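Structure incoming, see below.
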Amino acid sequence: MLAIGATLLTSIYFVSMRKYRKIHFAVTGLIQGLVGMVEVGCLAFIMSTFVVPDTLEDAALVAAMGILSAAATVAIVLALKFEKAGIVSLNSVYLFE
């Protein structure tokens, strides 16, 4: 059920990004990051699983995940902005990898 909800929300995000293609990619990435931060914060609070990283290695992994996630967001937004293909082709790439 969670996967279906995540797929639905991702599809809504992709469609809205195609709709707002004239907005700078940094603004859309910032908005997505803020929404994601609120969602993760709420889920961590509800599930009582929020812990601060103890070691430097854990903190480095968290930072690397954030940097790679931001890079992926920028890449997807720019691809949707300049690409002629539709949302269906992009979603099918994610589904069949």
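FYI, it's all coordinate maths here, none of it is from the lab. This one's a predicted model, so the numbers in the text were calculated from it and none came from an experiment. Here Cβ is always computed from backbone atoms with ideal geometry, including for glycine, and neighbour counts include all displayed protein chains.
What list of ³J(HN,Hα) couplings, whole Hz, do you get for segment 28-37 from phi and the Karplus terms 6.51, -1.76, 1.60, once you set θ to phi - 60° and write x for glycine and proline?
Values per residue, Gly and Pro as x: 5, x, 5, 5, 5, x, 5, 5, x, 5 Hz.
So if each residue of separation counts as 0.36 nm, and I subtract the Cα-Cα distance between Val52 and Thr10, what length gain in nm does that give?
Between Val52 and Thr10, full extension yields an extra 12.4 nm.
Would you kindly calculate the mean projected area, averaged across all directions, of the convex hull enclosing the Cα atoms of segment 1-57, in square nanometres?
5.7 nm²
Relative to a virtual label point 7 Å from the Cα of Val62 in the Cα→beta-carbon direction, which members of segment 3-39 show backbone nitrogen distances below 15 Å?
37-38
Let me ask something additional. What trypsin sites (Lys or Arg not before Pro) does segment 1-56 have in DSSP loop regions with at most 15 other beta carbons within 10 Å?
Arg21, Lys22
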